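Just below is one structure, and these are the notes that go with it.
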Ligand code: GLU
Ligand code: MG
């Protein structure tokens, strides 16, 4: 601890935020003063157990989450996630692990521990997942009186936003780089004021941690430039939604084993089985990877959101878009387009791995590749090509999740109960909400 303390003191850090991300995917923090950091590193900072029972709409515990206002757990900061925050003077942050008081054993509701458990299960099969969340977000303007409006009227890859937001882009790059995220590319996306800023893949746990850092940084830097950044899945009915595509590849002993040049579909048997598992459970997985009522406004055909249970090389209308290696001879990585930033990244990745493991254990095989836009198929053509539509609402996805023992048992009883409890509470409260009402609630949460 000594050197960590002195490093932070030298940088004039007064407060260290201990972050957590709840079932509703709201990132929250409690800050400790530098003078109490030593204690906090050992015993953590206490939060109410009920924190994991809060929905997106307001701070009230979901009645069926199995959590009450009585009882606390402790958030023990992981020093490997320490970041000095360029956007908040005198402040640093660390991501916390939720632990039981006294024993400091992982609390069964901890999303970060859930992901660690799935990574370990995969490691027991000799495999590792590398991943990255590929975020899209809108930059919006706030008018006097608080009304949020579009910041421009640009469309895909136009260059003017690169000029208009030059300083913001540089600040974003500087902040992400200083926090250890490797910036890869940046361009303006299809919607008016929509942007895509990409970072490099890493091991699965770091990629979920990076997603927390990423969201925090984009929102904070935008706000310093007088803008509101939002990752909300669908803000404007008639324009592109915000995807947070989950890119992944399978590795064994330090080598990417996703592709096989000699396989008919260019994918190794192991990776085929993993992806087949994801496809098999996809309708239930939706309740974890696209888990807000608003998510289902985004997942519609012809908006490149991957609205069908299907896979295809470079197919932007398939739920799983596959990219090839440099020589274009085999698969290199998979992109789950059915993922958005209303998903808790630890739960999304953990559930994806659990589905993939089921595919491997059950030796599932991939159906045929979808080589066309499935949005133009009628229902009988869909059936003959193994293409299936996804759930149309969070309620429908939750019904699939409640029947999916693979995902629920991977979570364990407590987390499955709190997660489903929170999401059902959200569905009950928001199933008839208009887009405007959702925007009011979610725009600044995600
Ligand atoms: N904005 C699209 C989505 O909602 C994705 C566009 C793209 O393929 O990058 O997922
Ligand atoms: Mg994009």
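All but one of (1) more than 16 Å from residue 154 (Cα to Cα); (2) more than 16 Å from ligand 1 (Cβ to nearest atom) hold for residue 185; state the number of the condition that does not hold. The one condition residue 185 does not meet is (2). The set of residues from the range 421-446 being assigned to a helix (DSSP H, G or I) and without any contact (Cβ under 8 Å) to a residue 24 or more places away in the chain comprises 428, 436, 437, 440. Taken as a whole, the range 339-351 holds at least one residue that is over 11 Å from the mean Cα position of the chain (by Cα) and modelled with pLDDT of 95 or more.
Residue 195 satisfies every condition listed in (1) over 15 Å from the mean Cα position of the chain (by Cα); (2) under 20 Å from residue 167 (Cβ atoms); (3) not in a strand (DSSP E or B) except (3). Cβ-Cβ distances below 9 Å connect the following pairs, each with a first residue in the range 246-264 that is on the phi > 0 side of the Ramachandran plot and free of Cβ contacts under 8 Å to residues at least 12 places away in the same chain, a second residue that is assigned to a strand (DSSP E or B) and surrounded by 10 or more Cβ atoms within 10 Å (Cβ to Cβ), and a separation of six or more residues or different chains: 254/128. Evaluation of residue 277 against the conditions (1) surrounded by fewer than 20 Cβ atoms within 10 Å (Cβ to Cβ); (2) in contact with a helix residue (DSSP H, G or I) (Cβ under 6 Å, 6 or more places away or on another chain) shows that the sole unmet condition is (1). Scanning the range 232-272 for residues that are within 16 Å of ligand 1 (Cβ to nearest atom), crowded, with 20+ Cβ neighbours inside 10 Å and in a loop (DSSP other than H, G, I, E, B) yields 232, 233, 234, 235, 240, 241, 242, 243.
Scanning the range 61-81 for residues that are touching a helix residue (DSSP H, G or I) at 6+ places or on another chain (Cβ under 7 Å) and outside any loop (DSSP other than H, G, I, E, B) yields 72, 73, 74, 77, 79, 81. Scanning the range 120-146 for residues that are in contact with a helix residue (DSSP H, G or I) (Cβ under 8 Å, 6 or more places away or on another chain) and within 16 Å of ligand 2 (Cβ to nearest atom), we see that the one that is farthest from residue 190 (Cα to Cα) is 132. Within the range 388-402, is even one residue farther than 28 Å from residue 353 by Cβ, touching a residue at least 12 places away in the same chain (Cβ under 8 Å) and out of contact with any strand residue (DSSP E or B) (no Cβ under 7 Å at 6 or more places or on another chain)? No, the conditions are met nowhere in the range 388-402. Looking across the range 119-148, the residues that are in a helix (DSSP H, G or I) and in contact with a strand residue (DSSP E or B) (Cβ under 9 Å, 6 or more places away or on another chain) come down to 119, 122. Scanning the range 14-50 for residues that are closer than 20 Å to residue 415 by Cβ and outside any strand (DSSP E or B) turns up 22, 23, 24, 25, 26, 44, 49, 50.
The values are calculated or read from the model by the stated rules, or taken from the named source; none is laboratory data. Since the structure is predicted, the reported quantities are computational estimates derived from the model, not experimental observations. All Cβ positions, even for glycine, are placed from backbone atoms using ideal geometry, and neighbour counts span all protein chains on display.
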